[in-house]
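See below for the structure under consideration.
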Amino acid sequence: MFKFIIHTDGGARGNPGPAAAGVVIEGDPVGHKEFGEYLGEITNNEAEYRAVILALKKLKHIIGGEKSKDSVVEVHVDSELLERQLNGEYKIKEKNLQKLFVEIWNLKTDFSGVAFKHIPREENTEADRIVNQILDRELSKLNL
């Protein structure tokens, strides 16, 4: 059995506004990997969801389908709303977030287990740094 800890963060400058996702994956056999992606103009909540999607897709790609079936994943997020929605404690009213929730739900089936845990912002600094680096880079290209 493999165990992975993933830190994710999504952020938008403006709501909606230019947004990015940041992901840090840790665990054997991958070690420490960092990923980020510019997401375009979306809301902060959409960016948080897309960060989780990016993380689960990247992990499966890195370790492969066979190892993913034998892997337990703990996803750490600093958005209490996201954590509670993904754990089924809060309803998701926004249609676009419902679609992203279904995508995450389907990605979860690629793994032995996926849990979502809320952590304080100060424990999510690496994923947040990735988000801000991407946004700074993208916005400097646009001179914003």
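The values are calculated or read from the model by the stated rules, or taken from the named source; none is laboratory data. No experiment lies behind these values; they were computed from the predicted model shown. Don't worry about glycine lacking a Cβ; one is built from the backbone with ideal geometry, like all the others, and counts go over all protein chains shown. Quick note on the areas: whole protein, heavy atoms, side chains included, nothing else; ligands and nucleic acids left out. Shrake-Rupley method; radii C 1.70, N 1.55, O 1.52, S 1.80 Å.
Things worth noting here:
- Verdict on Val102 being out of contact with any helix residue (DSSP H, G or I) (no Cβ under 8 Å at 6 or more places or on another chain), hydrophobic (A, V, I, L, M, F, W, C) and closer than 15 Å to Val52 by Cβ: yes
- The set of residues in the stretch 82-95 being exposed (fewer than 12 other Cβ atoms within 10 Å of the Cβ) and either under 20 Å from Leu54 (Cα atoms) or touching a His at 6+ places or on another chain (Cβ under 9 Å) (or both) consists of Lys95 alone.
- Of all the residues in the stretch 96-109, those that are within 14 Å of the chain's Cα centre (by Cα) and open to solvent by 90 Å² or more (accessible area, probe 1.4 Å) number 1.
- Selection of first residues in the stretch 124-144 that are farther than 11 Å from Tyr38 by Cβ and of second residues that are in a loop (DSSP other than H, G, I, E, B), restricted to Cβ pairs under 7 Å at least 6 apart or on distinct chains, gives the following pairs, ordered by first then second residue: Asn124/Asp78.
- Scanning the stretch 110-144 for residues that are assigned to a loop (DSSP other than H, G, I, E, B) and open to solvent by 80 Å² or more (accessible area, probe 1.4 Å) gives Leu142, Asn143, Leu144.
- Odd one out for Lys67 among (1) open to solvent by 20 Å² or more (accessible area, probe 1.4 Å); (2) out of contact with any Pro (no Cβ under 9 Å at 6 or more places or on another chain): (2)
- The stretch 86-95 - residue that is over 14 Å from the mean Cα position of the chain (by Cα) and of a type outside the set (D, E, K, R) and, of those, nearest to Ile6 (Cα to Cα): Asn87
- Annotation: of all residues in the stretch 24-55 being among the acidic types (Asp, Glu) and touching a residue at least 24 places away in the same chain (Cβ under 8 Å), the one that is surrounded by the most Cβ atoms within 10 Å (Cβ to Cβ) is Glu48.
- So Val23, is it more than 19 Å from Glu138 (Cβ to Cβ) and either modelled with pLDDT of 95 or more or acidic (Asp, Glu) (or both): no
- Condition met for Leu107 (over 26 Å from Met1 (Cβ atoms) and in a helix (DSSP H, G or I)): no
- Flag for Lys58 being among the charged types (D, E, K, R), open to solvent by 20 Å² or more (accessible area, probe 1.4 Å), without any contact (Cβ under 8 Å) to a residue 40 or more places away in the chain and within 22 Å of Val24 (Cβ to Cβ): yes
- Answer residue from the stretch 1-23, given it is open to solvent by 20 Å² or more (accessible area, probe 1.4 Å) and of a type in the set (Gly, Ala, Ser) and is nearest to Ala51 (Cα to Cα) among those: Ala12
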